[in-house]
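Take a look at the structure below.
The values are calculated or read from the model by the stated rules, or taken from the named source; none is laboratory data. Just so we're clear, the structure is a prediction, and the values are computed from it rather than from any experiment. Note that we place each Cβ from the backbone using ideal geometry, even for glycine, and neighbour counts take in every protein chain shown. Accessible surface is based on the protein model in full, side chains and every heavy atom, while ligands, DNA and RNA are left aside. Shrake-Rupley method; radii C 1.70, N 1.55, O 1.52, S 1.80 Å.
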Amino acid sequence: MSNSFAKDIDGKAIAACVLEEVAADVRELALHGVTPALAVVLVGSDEASQVYVRNKILRAEQAGIRSLEYRLPNTTGQAELLEVIAELNADPLVNGILVQLPLPASINEGVVIHAIDPIKDVDGFHRHNVGGLVQGQEVLTPCTPSGCMRLLEETCGDISGKHAVVIGRSNIVGKPMATLLLQAHCSVSIVHSRSVDAAALCRLADIVVAAVGRPGLIDASWLKPGAVVIDVGINRIDTPEGSRLVGDVDYASARAVASAITPVPGGVGPMTIAYLLKNTVIATRLQRKSALMEKI
Ligand code: GUN
């Protein structure tokens, strides 16, 4: 075995390509007099959410997507939020709706997610889209897993037949990620907090996707030599030098064993926003198609 270090998977560069594709799609839609519009709803003052929302809006505008921002106070009730969603659902000039999570504890996230019209659900969290994804239909798919698949495609090419291990089973990342890997013809295992010897299962993987929110949990001892590692974790930790962002993977240790790895930051993070905007274009096209079908 060579003792060279893993190649860094450059999420910033790949996201820039995706954003160019989105901008080209937006120009094509403009020829038909259509400007895709994304509504972003933020309830409360969670600091991380404010940063995410600001970035989403900035990138949308750079890609030529119209953005509408709804900032609602912490005291907003569920009924009030549902009214905003109903208005956005009914507005033909709004193509995508994103409600930033987490929501204040007084609001039921499930109720809110399922109030969004599935054809405008650019997060891909509505059960209509979740079910459609499992059945391989043309639906809106969650942004982070879609971005991870693109990173894998750019890094490995065809991943058919590979053994992929997804660490974490959240609705936002773990479960849809496993589904997308299965569609790409991988053998897929999901490892989680109740797994017996998660590290041993992970050592069987050609592809590891870590999405557990535990800083540095996965180190070299979890990896088969040559594995490709996608680190979805974004954890802020305090160090004597100040606070910094780290992934779920112990990058320094893992890069001595893996063949390719995403850094944090600069790996998966930029892809999530890029795929949100791609989904906004896809939603716009699906809505145009559905409007045409209604006329026939
Ligand atoms: N909060 C953290 N990640 C996400 C995401 O992908 N979508 C939404 N809506 N909220 C989030």
**Prompt:** Among Lys175, Lys120, Lys278, which one shows the biggest mean-square fluctuation in a GNM of the chain, springs joining Cα atoms closer than 10 Å?
**Reply:** Lys175
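Quick check: at a probe of 1.4 Å, how many percent of the accessible area of the chain sits on carbon and sulfur atoms?
Values: 7740 of 14280 Å².
That fraction is 54 percent.
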**Request:** For Asn74 and Val51, compute 0.36 nm times the residue count separating them, minus their Cα-Cα distance, and round to one decimal in nm.
**Result:** 6.6 nm
**Message:** So for the chain, if I pair up every lysine 8 or more residues apart or on another chain, how many of those pairs have alpha-carbons under 14 Å apart?
**Reply:** 4
**Request:** Pull out the extension gain between Arg214 and Leu93, defined as 0.36 nm times the separation in residues minus the alpha carbon to alpha carbon distance; nm, one decimal.
**Result:** 39.5 nm
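For Leu204 and Glu153, what does the FRET efficiency come to when R0 = 25 Å and r is the distance between their Cβ atoms, rounded to the nearest 0.05? Provide the component values of the computation, followed by the final result.
Values: r = 22 Å, r/R0 = 0.88.
Efficiency at R0 = 25 Å is approximately 0.70.
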**Prompt:** Highest GNM mean-square fluctuation, the chain, Cα pairs closer than 10 Å: which of Pro240, Pro176, Pro36?
**Reply:** Pro240
**Request:** Express in nm, to one decimal, how much length is gained between Ala30 and Gln183 on full extension, taking 0.36 nm for each residue of separation and deducting their alpha carbon distance.
**Result:** 51.8 nm
**Message:** Explain nothing, just compute: Karplus ³J(HN,Hα) = 6.51 cos²θ - 1.76 cosθ + 1.60, θ = phi - 60°, for every residue of segment 207-221 in order, whole Hz, x for Gly and Pro.
**Reply:** 10, 10, 10, 9, 8, 10, x, 10, x, x, 4, 9, 10, 4, 5
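Considering only DSSP beta bridges with both partners in the chain, what is the antiparallel share in %, to the nearest 5?
Working: 5 of 35 bridges.
Beta bridges within the chain, antiparallel portion: roughly 15 percent.
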**Prompt:** Efficiency by 1/(1 + (r/R0)^6): what FRET value for Ala105 and Ile237, r their Cβ-Cβ distance, R0 = 30 Å, to the nearest 0.05?
**Reply:** 0.75
**Alpha carbon centroid spacing (whole Å) that separates segment 91-107 from segment 50-67** = 15 Å
**Request:** Using the heavy atoms of the protein chains and a 1.4 angstrom probe, tell me the accessible area per residue for the chain in square angstrom.
**Result:** 48 Å²
**Request:** Pop the C-beta distance of Phe5 and Val134 into the FRET formula with R0 = 35 Å and round what comes out to the nearest 0.05.
**Result:** 0.40
